[in-house]
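K.L.:
I'd like to ask you about the structure that follows.
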Amino acid sequence: MADYREMWKDLGMDLETHDLLCEVLPVAFTDVYLSQKNRPEGMGYYDFVVSEIHGVRPAELIEAQKNGKKVFGSFCIFVPDEVIFAADAIATGLCGGSQFWVPGGEKVLPTNTCPLIKASVGARLDRTCPFFRIADMYIGETTCDGKKKAWEILKEDVPMYVMDLPQMKRRKDYKAWAEEITALKDKVEEFTGNKVDAEKLAASIKLINDKRRALQRLSNFRKNKNIPISGKDVLLISQIAFYDDPTRFTQMTNALCDELDKRVEEGISVFPKGTKRILLAGTPLAIPNWKLHNIVETTGGAVVCEEMCTGTRYFENLVEEGRDTFEGQVEALAERYMNINCACFTPNEARIDDIKRLVKEYDIDGVIDVNLKFCNLYDTEGFLVERALKEAGIPVLGIETDYTDADAQQLRTRIGAFIEMLG
Ligand code: SF4
Ligand code: SF4
């Protein structure tokens, strides 16, 4: 990585501690990613993005700020990036996916908080991630209790705006979410000094839809018998989608898909024939959490679909384009976002239907239902999900894990046995 120390210093980062992270990340990346055989050439772009993870994109964001743009950081796929880009600002994902940041979060949060929240709070308060330093404002949401309370702690350190997400899906809840989207628009306008109108919002709806279309195209390749790209690689792309420039990301992902088109024509697979096709369902896998994909794909399985926020929940539905009034566009945004089936809703039966549909579409041999430790929502919903899958005759394994490697061997044994049983 090029020398970004001056930039990090200007961001008020703790350079000594950050150096430790810079030492471990390349080693993990080499072990998990660069050791793979026969990767598509188009992965070179994403490898570069990771090799410069705390350099290139942060430098771009700082440059944009110098040119008067504001940067908004968010932690959930319910926050509509469209509204932020429509105000000529930049949206970036901030979810922490490394154990490195967890102890920092534990200084202020109960230990029995999910690692994603602890890592996100730790990355900000310990000053060891440039993205968390750069964002001018954080946008939180009321999805789960851990996050709701974490925002109260974070707001002492950074400007924070919280969107109130309804927890049911009645007509009045769709209306309430549309009102929240309008309120976000007002806040973003006030903070940036830029007006959002129907023309700008239409352009940003298309911008984010284009990103979703590229991810859908990528995902469709995994439905083939010959799987032209590993699950690990697709996970990495999904994780980068949250913070890369959307136009460039879409372009690079479509270029990779052109290469995958050729691979499909030539019948190239990165897995041996007969490799078991696995769907991971559950809590999100924020960068650099590659643990489960790595375990599955080194124990005889191939991850071909993620029913996760770092997966289908992020890109499956598009916002309806072509509405020409601001009110109509907000309605279309509310419709699209409220159709995400997160465990924070009750009831959430549509999520079970989604998983069963994905099992068919991706010709899945077995489902692994993943829960990040201390996530009560997905843990509790796991009972209903796993029961429904068993009743439908779909093999399922429920697991709970965190960001440490303490359980890696045990998971390897359990996942290995599950995949063998599928045979
Ligand atoms: S799991 Fe739910 S709360 Fe978490 S990022 Fe996804 S939609 Fe948001
Ligand atoms: S994984 Fe669960 S507990 Fe953690 S942030 Fe998401 S919804 Fe909240």
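K.L.:
Calculate one ³J(HN,Hα) per residue across region 368-379 by plugging θ = phi - 60° into the Karplus curve 6.51 cos²θ - 1.76 cosθ + 1.60, and present them in order as whole Hz with x for glycine and proline.
P.N.:
For region 368-379, the Karplus curve yields 10, 8, 9, 10, 6, 3, 6, 8, 5, 4, 6, 5 Hz.
K.L.:
Oh, and also: Would you give the gap between the C-alpha center of region 108-140 and the C-alpha center of region 31-92, rounded to a whole Å?
P.N.:
A separation of 17 Å, based on Cα centres.
K.L.:
Using Cα springs under 10 Å in a Gaussian network model of the chain, which residue among 92, 283, 275 shows the largest mean-square fluctuation?
P.N.:
Of the options given, 275 has the highest mean-square fluctuation.
K.L.:
Same structure, new question: Kindly provide the GluC sites (Glu not before Pro) of region 283-359 that DSSP labels as loop, not H, G, I, E or B, and whose Cβ sees at most 13 other Cβ atoms within 10 Å.
P.N.:
Sites meeting the loop and neighbour criteria: 321.
K.L.:
Here's a follow-up. In the chain, with Lys and Arg counted as +1 and Asp and Glu as -1 at Cβ, which of these residues, 404, 90, 220, has the Cα nearest the positive end of the dipole, that is, farthest along it?
P.N.:
Value: 220.
K.L.:
Which trypsin sites (Lys or Arg not before Pro) does region 149-199 hold that lie in a coil by DSSP with at most 11 other beta carbons within 10 Å?
P.N.:
Passing sites in region 149-199 are 170, 195.
K.L.:
Shifting gears a bit: Test of the criteria: in region 250-316, which trypsin sites (Lys or Arg not before Pro) are in a DSSP loop and have at most 13 other Cβ atoms within 10 angstrom of their Cβ?
P.N.:
Of the trypsin sites (Lys or Arg not before Pro), the ones in loops of region 250-316 whose Cβ has at most 13 other Cβ atoms within 10 Å are 273.
K.L.:
Using just the helices of the chain, give the 222 nm mean residue ellipticity in deg cm²/dmol: DSSP H runs with n ≥ 4 each add -39,500 (n - 2.57), and the total is spread over all residues, rounded to 500.
P.N.:
It lands at -16500 deg cm²/dmol.
K.L.:
Could you sort out which of 211/373; 147/291; 149/356; 118/206; 147/356 sit more than 26 Å apart by Cα distance in this structure?
P.N.:
Cα-Cα > 26 Å for 211/373; 149/356; 118/206; 147/356; rest within.
K.L.:
Another one. Two-decimal Rg/Rh of region 4-422 from alpha-carbon positions, Kirkwood Rh?
P.N.:
Rg/Rh: 0.94.
Every number in this text was worked out from the coordinates using simple rules, so none of it is lab data. In this text, all values refer to a predicted model and were calculated from it rather than measured experimentally. Using ideal geometry, Cβ is built from the backbone for each residue, glycine included, and neighbour counts are taken over all protein chains shown.
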